[in-house]
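Please read the structure below before turning to the comments.
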Amino acid sequence: MIAPPDEFDVPWKDILENYFPEFLAFFLPEAFQEIDWKRGFVFLDKELARITRAAKIGDRRMDKLVKVWRHGDDKELWILIHIEIQGNRKPNFAEGMYVYQYRAYDLYHKPVVGLAVLADEEPGWRPAEFGYAMWGTQQSYRFTAIKLLDYQEAGLETSTNPFAIVVLAHLRAKRTRHQPVKRYQVKWHLIRGLYRSGYDRKHVIDLFRFIDWVLHLPPELDYRLQTKITAFEEKQKMPYISSVERISEKKGEKKGEKKGEKKGEKKGGAQILTRLLQRRFGTLPTWAVEKIAQADLPSLEEWSLQILEAQSLEAVFTDNVP
């Protein structure tokens, strides 16, 4: 039986969204100290979608654009975060960071701080700047790049920040690929450490989900681990994650619910856009119907806004982003 490939997109995305302050405290402490967390923070998904759709620089599903405020300053800052989760280098990675930065500034005139978390397996691949020079003109852009391979596991095990466990689980998932017995051992070690970490129940369960996802096991070893966790909890009288089966089911339900919600939103957006276009321009030609059917939700929303100023049906679908 061939083991399924490791998946990092979903667990990284979930843990980043749930623990963004802790993420910055771990990877960019200078920013964490200067941000006024009492004012909250906002994930700018629609703004990022507009930027990335125009940029056309590869697959950037793990990018995040977040709005924050500094202490004593009413001027908002935007933080562009990219998590490189693939095991191969991307020649245009630094260029993509630069393109996103200047497009964000050009469109919204907000300072953008670039942070790249490189979770690949190539020690020598460390993109951190993009630039060019010709005939007296020079362009240079630098961003912060964090290489997960640089972290020492001993230091991670003693850290109190939950992202130390996230990084540790990620590194051990990479290291134990195709070694199910070894992975079983390191996974149990990480889960047992959660009980001794001092985290509250929510932290323990969220971190367990991350560990459980990235360090997936064959069914027989997974069942053995579930049994071991249940017995350990009963002995320690810590009923945090004893219902591993239910947590796993919730993980699948959550993934299915999100997929269903997105599908429903897209269908509704397509129907609304179609009705608006028909009211403005009459019966739609086949090419327009097909374009709407194949579009993602951000595109449908953008086209709905462009109906207000478009002088023709073709103009609605024109990319007006500079």
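The values are calculated or read from the model by the stated rules, or taken from the named source; none is laboratory data. Small disclaimer: the values here were computed from a predicted structure and weren't measured. Ligands, DNA and RNA are excluded from the accessible area calculation, which covers all protein heavy atoms including side chains. Shrake-Rupley method; radii C 1.70, N 1.55, O 1.52, S 1.80 Å.
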Pull out the extension gain between S159 and W135, defined as 0.36 nm times the separation in residues minus the alpha carbon to alpha carbon distance; nm, one decimal. 3.7 nm
By accessible area (1.4 Å), largest first, T227, T52 order as T227, T52
Can you give the accessible area of M134, probe radius 1.4 Å, in Å² rounded to 10? 110
Which order do you get for H71, H203, H170 if you rank them by accessible area with a 1.4 Å probe, largest at the top? H71, H203, H170
Using alpha carbon centroids, what distance separates region 172-209 and region 114-165, in Å? 25
If you average 1/r across every pair of different Cα atoms in region 167-228 and take the reciprocal, what Kirkwood value do you get, in Å? 11.8
How would R224, R142 rank on accessible area, largest to smallest, probe 1.4 Å? R142, R224
Pop out the Kirkwood hydrodynamic radius of region 81-188 from its pairwise C-alpha distances, inverse of mean 1/r, in Å to one decimal. 16.1
For L48, what accessible area in Å² do you get when you roll a 1.4 Å probe over the heavy atoms of the protein chains, rounding to the nearest 10? 20
